[in-house]
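First the structure, in the form of structure tokens, and then the observations on it.
Just so it is clear, none of the values below were taken in a lab; they were calculated from the coordinates. None of these values were measured; they are calculated from a predicted model. In this analysis, Cβ positions are derived from the backbone assuming ideal geometry, glycine residues included, and neighbour counts consider all displayed protein chains.
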Amino acid sequence: MAETEQQKKTMTLEVVNPYEVFFEGRVESVVIPALDGQLAVYPGHSPLVVAVTPGIAHFVADGQEKSFVISEGFAEIGHRVVVIVCNAAEWPEKIDENRAQAALSRASARFNDVTQTEEQRVYARHAMRRAKVRLKMVEEYKKSKED
């Protein structure tokens, strides 16, 4: 079956976590938070597997940019398919700002507690990063609604 012109300009993005298929659809591009920084992917990208870090991911579908928060995981990139497997993903409007702020406070307290082991401090540092990313996404979302 021959590809249409629209299909040639898009690729399939699938974002999955242990609980659900968070998103599946045709996109024009996607930007993923990776260990080495933001990774932009367009149709025809060379195959690649990358580690995903907590951050804000963006994609363009039908000319509209959408953003979501993503936690740690990995992305498998092909010429016409991007599959992101992560621990969690959230749309900005679904983030509970108070809950994220409370998570940041708890993680900061654990991180600064001198009785914590190094492993516990690493876990707390990761929890702090996830909470900060969620709060940043809420802030960006609020700004976009004001414009």
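Observations, loosely collected:
- Karplus-derived HN-Hα couplings along segment 77-93 (A = 6.51, B = -1.76, C = 1.60, θ = phi - 60°), whole Hz, x at Gly and Pro: 10, x, 4, 10, 9, 10, 10, 10, 10, 9, 6, 7, 8, 9, 6, x, 6
- Near Arg80, the amide H atoms lying under 5 Å from its own belong to Gly44; only residues 5 or more places off or on other chains count, and H is placed 1.01 Å from N.
- Highest-fluctuation residue, Val60, Val50, Val21 considered, GNM on the chain with Cα pairs under 10 Å: Val21
- Cut-off 15 Å between beta-carbons: net charge of the residues surrounding Ala61, Lys and Arg +1, Asp and Glu -1: -1
- Just checking the listed ones, Glu97, Glu24, Glu72: in the Gaussian network model of the chain with Cα springs under 10 Å, the one fluctuating most is Glu24.
- Build a GNM of the chain with springs between Cα atoms under 10 Å apart, and of Asn17, Asn87, Asn98 the one that fluctuates most is Asn98.
- Taking each DSSP H run with n ≥ 4 as -39500 (n - 2.57) and averaging over every residue of the chain yields -11000 deg cm²/dmol at 222 nm.
- Alpha carbon Rg of segment 6-90, scaled by the compact-globule rule 2.2 N^0.38 Å: 0.96
- Simple Cβ-charge dipole of the chain, Lys/Arg +1 and Asp/Glu -1, about Cα centre, in debye nearest 20: 420
- Based on alpha-carbon atoms, the Kirkwood radius and the radius of gyration of the chain give Rg/Rh equal to 1.04.
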